[in-house]
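I have placed the structure first, in the form of C-alpha cells, so that the comments after it can refer back to it.
The values are calculated or read from the model by the stated rules, or taken from the named source; none is laboratory data. Source: prediction; values computed, not measured. Using ideal geometry, Cβ is built from the backbone for each residue, glycine included, and neighbour counts are taken over all protein chains shown.
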Amino acid sequence: MSELEQLTELCAKLGAERSAAATMAAQLQKRATQFAHERGVTREEAMRYLLEVLVKGRQGESPDNITAPRPAPSMREKLLTRFNATFGCSPAVITRAPGRIEFIGNHTDYNGGTVMGAAIDRGVWVGLTPNENGERRFCSEQHADVVTLSAGEVTQQTGAAAWVNYPLGVLAALPEFGLRAPAGFDFLVISDLPTGAGLSSSAAIELASALAFLETTDQHPSREIVVKIGLHAENDFVGLPCGILDQGVSGFGQEDHLVFIDCRGPKFSTVPMPAGAEFWIFNTHTRHALVDGLYAARHRECMEAARMLGVKQLVEISPAQLETDAGKLPLVEARRARHIVGEIARVDATVAALQAGNLKTVGELLTASHRSSQTLFENSTPELDFLVDALISIPGVYGARLTGGGFGGAVMAMADPQFGESEATTIAKGYTEKFGSAPDILRTQTGDGAAVV
Ligand code: GLA
C-alpha cells in the first residue's frame, strides 16, 4: 500500500468521509515535507509528529504537550563536542570529505579507462590540533580507544587500530610528494557515511586527513596532488591496488554534477546532472569474505589480459579490436577484457546521453553495466542481482547497478521523483523475504568535494 493510501485509511478511521480523507492525506504528505524542510528534521520524524497532533486533535485533546522534533546536532557540532570531550580543547582545523557513488565505469579506473562518479552529501569529518608533546593521537567515534603513536612511528596498525592506517598512510605519502608531515597532533574522525555500503568511506578519510595535515602545516598543493596522496596511501600503505575513482570523486565532487575522470591523465572534469534524477542506495550489508583478494585477482586478470594483447592497459584496445583478438585470450581473461572494454564504451555513451538530457538511455546504460558485471566480470552476487531486477521492474526507475568494487555491498538506482519511500520499502520487503535480512535504504543527493571547513 502506498503512503497516500495508508494515510487515507487512517484519516477515514479518524472519522473523515472518504473523499475528505483522501484530501487530508494528500495535505498531510505536503505538510510533512514542508515541516521537515523548515525544521531541519527528517520527513519521517515530521510525519510522526503531524500524525500525533492529528490523532490527539481528533480525540479532543490539546496538542500542546506533544514535543515537535528537533534537528539532530550538525556534524560540526558533533565533532566539536567529541573533540573537546576527548582532548580537552577545540580543533584548530576542521576538514570534510564526501563519500561517493560509482555512477558508471566499473573497474575501468586501474585499466586506464574513463569513469564517472558523484560525491554525495554525506562524508567524513576530521578535527585536528597540533600538540606540543610530539605524540600523534588518533581517535574515531567508532572506537573507544585513542591510538597514540610517536611522531616518527609510521608502522602499519592491526586489530582494532587498523583504521588508523588511512591517516597514517597519508602521513607516509606526504614526503613522496615533497611535502612535510606534521609532528605531534590530536586527531578525531567522525562520519555520517554508512560503512560497507560501497560509498568509499576509506577515500573520504584519506582526503579529509590529507587536507587537515596540509592545512596545519600551511602547505597548499593542487587538488590533483591531494587526490594522488590519498591514492598513494590506499595503494602503498593500506595495500589495495585500486584506481583513482574514489579519491578523485571525493576530491573533485560538485553538487548537482557528476565527476568524469579520464584515468590516463588522470584528468578530472564535471558533467551537470540533468534535473529529475535522484539516487537511491540499497546497502545489502553483505561482503564477500575474500573481497580484497577478489579485487586484487580481478586487477591481476585485467593486467594479464592486457599483456597477452600486447598493450600496457586495456584502455588501448577498441571494442572492434577485442572482437578480432579475444581468441588469443584464455576464457576468463577474455571475459574480463570484454567487460572493461565494453564498460569504457558505456561511459562515453553515458556522457553523450547526459549531455543530450536523455535519462532513459542513461538508465539503460547503467543496467547494461550491471549485466556485464554479472556475466563477464563476475563481481556481482545474488543479493545485488535481486535488487537490480526488482528495481528496474518499477516505473520511475531509469536503471540500477552495483556500485563500487562488487562482491557484496550496495546497489545504486537512478530514479525519477515518482519513485518514493513506499516503492523503496516494497523492494526492501521483497529482499527480506528472500534473504532474511533487510537492506538499508538511502536516498541521497549529490554534494561538494573535500574541503577545509
Ligand atoms: C573500488 C575501488 C575503485 C574502483 C571500484 C570499481 O571502489 O576503490 O578504485 O576500482 O572499486 O570500479
For this session: Please determine, by comparing only the residues of the stretch 86-113 that are hydrophobic (A, V, I, L, M, F, W, C) and either at pLDDT below 95 or within 16 Å of the ligand (Cβ to nearest atom) (or both), which one is farthest from the chain's Cα centre (by Cα).
Result: Ile104
Problem set entry | helices (runs of 4 or more DSSP H) contained in the stretch 142-235 and holding at least 2 residues in contact (Cβ under 8 Å) with a residue 60 or more places away in the chain, closer than 19 Å to Gly248 by Cα and in contact with a Ser or Thr (Cβ under 8 Å, 6 or more places away or on another chain) | 165-173, 201-216
Exercise. Any idea which of (1) within 16 Å of the ligand (Cβ to nearest atom); (2) more than 19 Å from the chain's Cα centre (by Cα); (3) among the charged types (D, E, K, R) is the one Arg76 doesn't satisfy?
Worked result: (1)
Exercise. Only one of (1) touching a strand residue (DSSP E or B) at 6+ places or on another chain (Cβ under 7 Å); (2) not in a helix (DSSP H, G or I) is not met by Met1, so which one is it?
Worked result: (1)
Problem set entry | Checklist (1) assigned to a helix (DSSP H, G or I); (2) within 16 Å of the ligand (Cβ to nearest atom); (3) at pLDDT 95 or above; (4) not basic (Lys, Arg) applied to Phe260, failing item | (1)
For this session: Out of the residues in the stretch 179-213 that are more than 16 Å from the ligand (Cβ to nearest atom) and β-branched (Val, Ile, Thr), state the one that is farthest from the chain's Cα centre (by Cα).
Result: Val189
For this session: Return a yes/no flag: does the stretch 214-225 have any residue that is within 16 Å of the ligand (Cβ to nearest atom), touching a helix residue (DSSP H, G or I) at 6+ places or on another chain (Cβ under 9 Å) and among the basic types (Lys, Arg).
Result: no
Problem set entry | Of residues in the stretch 352-367 being of a type in the set (A, V, I, L, M) and surrounded by 18 or more Cβ atoms within 10 Å (Cβ to Cβ), the one nearest to Gly409 (Cα to Cα) | Leu366
Problem set entry | Complete set of residues in the stretch 263-278 that are part of a loop (DSSP other than H, G, I, E, B) and either in contact with a strand residue (DSSP E or B) (Cβ under 7 Å, 6 or more places away or on another chain) or crowded, with 19+ Cβ neighbours inside 10 Å (or both) | Cys263, Pro266, Met273, Ala277
Exercise. Just checking, how many residues over the stretch 429-453 are assigned to a helix (DSSP H, G or I) and crowded, with 17+ Cβ neighbours inside 10 Å?
Worked result: 1
For this session: Kindly establish whether Asp246 is surrounded by fewer than 24 Cβ atoms within 10 Å (Cβ to Cβ) and either within 15 Å of the ligand (Cβ to nearest atom) or within 16 Å of Pro98 (Cα to Cα) (or both).
Result: no
Problem set entry | Residues located in the stretch 226-242, provided they are within 15 Å of the ligand (Cβ to nearest atom) and either of a type in the set (A, V, I, L, M, F, W, C) or under 30 Å from Ala275 (Cβ atoms) (or both) | Val227, Leu231, Ala233, Phe237, Val238, Leu240, Cys242
